[in-house]
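The values are calculated or read from the model by the stated rules, or taken from the named source; none is laboratory data. On a predicted model such as this, the values are computed, not experimentally measured, just so you know. Cβ placement follows ideal geometry from the backbone for every residue including glycine, while neighbour counts extend to all protein chains displayed.
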Amino acid sequence: DTAVSQTPKYLVTQMGNDKSIKCEQNLGHDTMYWYKQDSKKFLKIMFSYNNKELIINETVPNRFSPKSPDKAHLNLHINSLELGDSAVYFCASTNVWNTEAFFGQGTRLTVV
Amino acid sequence: KQEVTQIPAALSVPEGENLVLNCSFTDSAIYNLQWFRQDPGKGLTSLLLIQSSQREQTSGRLNASLDKSSGRSTLYIAASQPGDSATYLCAVGGRGGATNKLIFGTGTLLAVQP
């Protein structure tokens with residue numbers, strides 16, 4: 001059983017398009033996150049949600065809109081994609097007290 | 001602002017060697033520290049989690065230590081194997097609210113030569 005799963009694994013799209021990445025966790029965790037890994041492999045937090053409520057928004061452009069329909073799901077919608085959005089996006093989850101974090105396999109987004 | 005640094009950035013060792021990866025952080029007010037492994041094109045696999053009240057954690061050939069006051073953690077890998085080749089990341093975590101996130105280091109790329 002995959003603890004944190006995200007789809008799709010690869011996404012290639014043209015500039016200006018809108019795309020979504022989905023994430024689901026079956027760990028019963030309260031908190032879910034989106035992290036971005038840039039071309040230099042540096043990982044940085046984008047958003048966190050606790051029980052469907054937005055907690056952290058780390059100065060991400062408003063073209064990025066996370067949505068959490070329930071505490072087991074956190075999706076990421078990106079409008080008007082730009083070349084600079086190309087990266088690997090990771091979903092993660094923890095319990096509310098931020099103990100061990102579990103990560104999905106990542107979505108490699110390539111904007112052409 | 002918390003900053004996490006890992007040294008060395010890359011390391012190549014022959015199989016069988018014991019090795020140490022270093023992680024330092026600027027703000028000692030952390031809740032925990034987690035070590036991850038990332039294989040090329042893959043996700044992050046959690047290796048060890050150390051709570052701020054703990055000094056070390058062990059799992060198999062891996063041992064991680066934490067010295068919060070000096071802002072340092074080390075990951076010790078005993079009897080390295082080619083299968084240990086990967087990027088190793090450390091991350092510090094806060095507790096609750098806006099600090100409930102991981103701040104990652106820059107990673108150490110490890111190559112274990114057969």
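Values as computed for the structure displayed
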{"item": "Residue satisfying condition, being modelled with pLDDT under 95 and among the aliphatic types (A, V, I, L, M), within set B:Ala86, B:Ala98", "result": "B:Ala98"}
{"item": "Matching residues in segment B:99-114 - criterion: being in contact (Cβ under 8 Å) with a residue 24 or more places away in the chain, crowded, with 17+ Cβ neighbours inside 10 Å and assigned to a loop (DSSP other than H, G, I, E, B)", "result": "B:Gly105, B:Thr106, B:Gly107"}
{"item": "Of all residues in segment B:10-31 being within 14 Å of chain A (Cβ to nearest Cβ) and at pLDDT below 95, the one that is surrounded by the most Cβ atoms within 10 Å (Cβ to Cβ)", "result": "B:Ile30"}
{"item": "Residue among B:Gln51, B:Gln34 that alone is in contact (Cβ under 8 Å) with a residue 60 or more places away in the chain, under 30 Å from A:Gln6 (Cβ atoms) and either surrounded by 13 or more Cβ atoms within 10 Å (Cβ to Cβ) or not aromatic (Phe, Trp, Tyr) (or both)", "result": "B:Gln34"}
{"item": "Within segment A:47-66, considering residues that are within 10 Å of chain B (Cβ to nearest Cβ) and at pLDDT 90 or above, the one surrounded by the fewest Cβ atoms within 10 Å (Cβ to Cβ)", "result": "A:Phe47"}
{"item": "Test: residue in segment A:64-81 that is free of Cβ contacts under 8 Å to residues at least 24 places away in the same chain and over 17 Å from A:Gln6 (Cβ atoms)", "result": "no"}
{"item": "Residue identified as over 24 Å from A:Glu58 (Cα atoms) and within 14 Å of chain A (Cβ to nearest Cβ) among B:Pro40, B:Pro114, B:Pro82", "result": "B:Pro40"}
{"item": "Number of the exception - A:Thr31 against (1) within 19 Å of B:Ala91 (Cα to Cα); (2) more than 14 Å from chain B (Cβ to nearest Cβ)", "result": "(2)"}
